[in-house]
Each structure stands twice: as structure tokens, then as C-alpha cells.
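Any read-out appearing in this document is the output of simple, stated calculations on the displayed coordinates, not a laboratory observation. Just so we're clear, the structure is a prediction, and the values are computed from it rather than from any experiment. So basically every Cβ, Gly included, is an ideal-geometry build from the backbone, and we count neighbours across all protein chains shown.
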Amino acid sequence: MSQYDPLWKHLKMDGSPLVTLSFEEIKDIVGFDIGNSFLLHKKEAYRCGYHVDKISMKKRYIAFSKMGWLLQPMSDASGWNRIYMWHG
């Protein structure tokens, strides 16, 4: 059992190809501030069918993408958009 099990359960229930959560949202889900220790646990996301796509310490969010989906950023005037591409 992992301290991040509530997060993995949340991702599994969400089911979206891309889930972006702020550090505050993750704190609300797991009950504690995430820190560098998350890096030791990020590979556990595969158990719920996701992997960590990006961790932004500056903007304080983590983006998870569903296994089997590639995310390709595209820059435009409004910021970053993501395109979902199935690879399987």
C-alpha cells in the first residue's frame, strides 16, 4: 500500500486521457503536501493506467496521461494545448 493510493484511485475513477492536477488538488486528495518524495512514487501511476507526463514545480501542477496516449504540446496565442494521439 502506498501513501499515494488515494491519488491513483482518483485518476482511475476520472478516466480522462489527460488529467492535470495542481499541487493543492493533490494535497486535498492525499491529505498531505507533496514534495520531492513524489518522484519516488510516480511510477506507481501505472497501476491505475496512467503515467506522469509532466511535473511543473514552477506552476505547481502534475499532468498525468493515460497509458496508450501520447501527448504532443502545441503552442498558440492562448498558451499550451494538448493533442491526444492513440498509439497502441
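Taking θ = phi - 60°, what integer Hz values does the Karplus form 6.51 cos²θ - 1.76 cosθ + 1.60 yield along region 13-29, in sequence order, with x for Gly and Pro?
For region 13-29, the Karplus-derived couplings read 5, 5, x, 5, x, 10, 10, 10, 10, 6, 4, 5, 5, 5, 4, 4, 6 Hz, x marking Gly and Pro.
Give me the net charge of Leu7's neighbourhood, meaning all other residues with Cβ under 14 Å from the Cβ of Leu7; Lys, Arg count +1, Asp, Glu -1.
With Lys, Arg at +1 and Asp, Glu at -1, the neighbours total -1.
In a shell of Cβ-Cβ distance under 12 Å around Ile62, excluding Ile62 itself, what net charge do Lys and Arg (+1) and Asp and Glu (-1) give?
+2
For every other residue with a beta carbon closer than 12 angstrom to the beta carbon of His41, add +1 if it is Lys or Arg and -1 if Asp or Glu, then tell me the sum.
Combined, the nearby Lys, Arg, Asp and Glu give +1.
Taking amide H positions as placed in the peptide plane 1.01 Å from N, state which residues far from Phe64 in sequence (5 or more) or on other chains have amide H under 5 Å from it.
Hits under the 5 Å cutoff: Val19, Thr20, Leu21, Asp53.
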